[in-house]
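Some notes on the structure that comes next.
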Amino acid sequence: MSARSLTRNLIISVLLLTAAAVPAQQGGDIQAQILYAYQTEDGNSLANLIQDLAAQVKSDAGDASLRYHLAHAQYRRGLLGSATDAGAAEAAFADCIDELKPLLSPDAKAVEALILQSACYSGLADHRKLESVLLRSRSDERLKTALKLAPRNPRAVFLSSMNGLRQAKPGTAQRQHAFAQLQLAAQLFDASSATSIDSPGWGHAEAYLALGRELQSRSDLLGARNWIEKSLIAAPDYKEAQRQLAALERR
């Protein structure tokens with residue numbers, strides 16, 4: 001084979017590989033946009049992302065990745081709106097749950113969909129007090145299933161630790177177990193990619209911030225600072241972490 005033919009085949013191969021990588025890269029870009037809008041508390045950008053993703057899902061209902069991103073954006077909108085617009089937050093959590101149902105219908109073992117739907121059921125329970133017991137039961141059921149399927153999934157371990165910290169009283173064995181889970185989640189996030197282009201990669205900055213807060217509540221101010229700063233290394237524009245660090249520095 002001539003040098004010209006080799007060069008031509010190499011160029012074709014590179015073009016084909018580049019074309020195959022485009023959908024995955026787009027997925028990574030979408031995830032980054034969702035996280036940035038949440039971390040900077042930009043509700044308008046989140047709303048625009050949801051609108052765009054909903055239109056894309058409508059035109060391609062079989063794209064599981066797009067549907068997951070839409071549910072993730074709705075989850076983030078619910079978190080942002082919980083303190084300022086309870087009605088919108090409730091609707092966003094409910095939409096997140098519904099959006100993930102088609103992903104779980106054919107595959108009840110879809111770990112990442114189970115984890116995200118668990119988080120949205122938990123968020124919805126905070127707004128629907130009369131249904132909170134049932135909704136939290138559904139949240140727990142999905143998270144337990146996810147942990148059984150993937151016991152070292154950092155998002156599953158993180159959400160489980162946060163549930164434990166919320167429910168356990170200070171000084172109890174349950175609280176210490178939840179704290180150990182949170183420490184494990186941070187370690188698992190350290191070992192996982194925060195910039196994956198073909199799978200969910202969210203949770204790093206939140207887990208680091210949560211660990212910093214828990215250490216601060218235990219009077220470990222140096223440890224708290226280290227983890228809050230690590231949260232800001234992962235997400236420099238994360239406003240909640242910025243406020244937490246500023247509050248710590250005023251002590």
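The values are calculated or read from the model by the stated rules, or taken from the named source; none is laboratory data. All values derive from a computational prediction rather than experimental measurement. Virtual Cβ from ideal backbone geometry, glycine too; neighbours counted across all protein chains shown. Please note that ligands, DNA and RNA were not included when accessible areas were found on the heavy atoms of the full protein model with its side chains. Shrake-Rupley method; radii C 1.70, N 1.55, O 1.52, S 1.80 Å.
In Å³ and rounded to a whole number, note down the convex hull volume per residue for the Cα atoms of the chain.
Cα convex hull per residue, to the nearest whole number: 170 Å³.
Can you classify the stretch 65-138 as rounded, prolate or oblate using the Cα gyration tensor, where a ≥ b ≥ c are the square roots of its eigenvalues, rounded means a/c under 1.5, and otherwise it's prolate if a/b beats b/c and oblate if not?
Note, shape of the stretch 65-138 comes out oblate.
Measure up LYS129/LYS169; LYS109/LYS144; LYS129/LYS239; LYS101/LYS144 against 19 Å on the Cα-Cα distance and list the ones that go over.
Result: LYS129/LYS169; LYS129/LYS239 exceed 19 Å.
Using the crude model of +1 on Lys and Arg Cβ and -1 on Asp and Glu Cβ, and no other charge, please compute the dipole size for the chain relative to its Cα centre, in debye to 20.
The dipole of the chain has a size of about 700 debye.
For the chain, what is the calculated [θ] at 222 nm in deg cm²/dmol (nearest 500), taking -39500 (n - 2.57) for each run of four or more DSSP H residues and dividing by its residue count?
Value at 222 nm, helices only: -26000 deg cm²/dmol.
From the mean inverse distance of alpha carbon pairs (Kirkwood) and the Cα radius of gyration, derive Rg over Rh for the stretch 131-251.
Reported Rg/Rh, Kirkwood definition of Rh: 0.99.
When the accessible area of the chain is computed with all protein chains present and a 1.4 Å probe, what percentage of it is carbon and sulfur?
54
Pop a pseudo-label 7 angstrom from the Cα along the beta-carbon direction at both LEU130 and LYS109 and give the gap in nm to one decimal.
3.9
Compute the distance in nm between two label points, each set 7 Å from the Cα along the Cα-to-Cβ direction, one at ALA61 and one at ALA168.
Label-label distance for ALA61 and ALA168, simple model: 4.4 nm.
How would you classify the stretch 127-190 from its alpha-carbon gyration tensor, with a ≥ b ≥ c the square roots of the eigenvalues: rounded for a/c under 1.5, else prolate if a/b is greater than b/c, otherwise oblate?
Since a/c reaches 1.5 but b/c is at least a/b, the shape of the stretch 127-190 is classed as oblate.
Quick check for you: with a 1.4 Å probe and neighbouring chains kept, what is the accessible area per residue of the stretch 35-100, in Å²?
44
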